[in-house]
Amino acid sequence: MTLASKMKYALILVIAISAGASIWFILGSTSAFNRSWDLIETVIFFAVLIPTVFFCILAVAWVATGFKMESRTHIIPYIFLVVFLLLFSSILFLNATPYGWLKESVTSDWTQITADERFKYRLEVVNPFQRNSHTRLHLVERNTKEEIIIPTDLRIDNIGLIGGRRDQTSYHDFSLPEWMVTSVLTPTETENIYILTTTSRSGVGIVTIEIDIIARTASRIE
């Protein structure tokens, strides 16, 4: 295999890497089209993605029309093209994330304990500020350590601004004041039936939801 052939196949590989980086950036920066770009991502789109696509097209045209390395003068544009595409591809790869589409992005309220001391619980928002966002009640039974996830129909996006953290695992042996939490889970006289009430900090007003632990359902109480 001649040197020109090796350089041709290397350029094809670089084109594939650049194309993959471009697709990865578009999907990762929009969470698979579930949100719009922020300011930084918009700048990267115009300053990095568009030039990358343009030079990818030039590289494809070069390969398709017959890759030639007849003189040393061809080496300069070749090196420029390869270095440019690899550099900009790395920028695209590093500025996209799998969270929000391939992996869940979760923020949560403070972890609390129910009045009957049976459950630790917290309200969670999955993929906040996106079209695919949703909320769920996360419970852990204290005796069995069983984790229970119950989806709710609440539309809360600003829970992450309240102060809860995704990695918080501690719970409190006292009732937190309303200004610190987004929701309160209260036991009822019926076994395995709880009432979830959002607070004024939730951003959706006061909403009351009946939680069935056994059926894993959440039903609004009008």
- prompt: Could you name the lysines in cross-link range of K145, using Cα to Cα under 16 Å and dropping any fewer than eight places away on the same chain?
  reply: K120
field: Those lysines that a straight Cα-Cα span of less than 20 Å connects to K6, excepting residues fewer than 8 apart in one chain
entry: K68
- request: Pop the C-beta distance of L86 and T197 into the FRET formula with R0 = 35 Å and round what comes out to the nearest 0.05.
  value: 0.05
- request: Positive end of the charge dipole of the chain (Lys, Arg +1 and Asp, Glu -1 on Cβ, about the Cα centre): tell me which of V60, V184, A115 has its Cα farthest that way.
  value: V60
field: Matching label, volume of the Cα convex hull per residue in Å³ computed from the structure shown, candidates (i) 182; (ii) 169; (iii) 140
entry: (ii)
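Among 13-23, 44-54, what's the highest-first ranking by average C-beta atoms within 10 angstrom per residue?
In decreasing order of mean packing, 13-23, 44-54 become 13-23, 44-54.
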- prompt: Antiparallel DSSP bridges in the chain: what percent, to the nearest 5?
  reply: 95
field: the chain, dipole about Cα centre (Lys/Arg Cβ +1, Asp/Glu Cβ -1), debye to the nearest 20
entry: 1380
message: Let me spell out the model: positive unit charges on the Cβ of Lys and Arg, negative unit charges on the Cβ of Asp and Glu, origin at the Cα centre of the stretch 3-94. What dipole size does that give, in debye rounded to 20?
response: 320
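Rule-based calculations on the coordinates, nothing more; no lab input. Just so you know, these numbers come straight off a predicted model, no measurement behind them. When we count neighbours, we look across all protein chains shown, and the Cβ atoms used for this are built from the backbone with ideal geometry, even at glycine.
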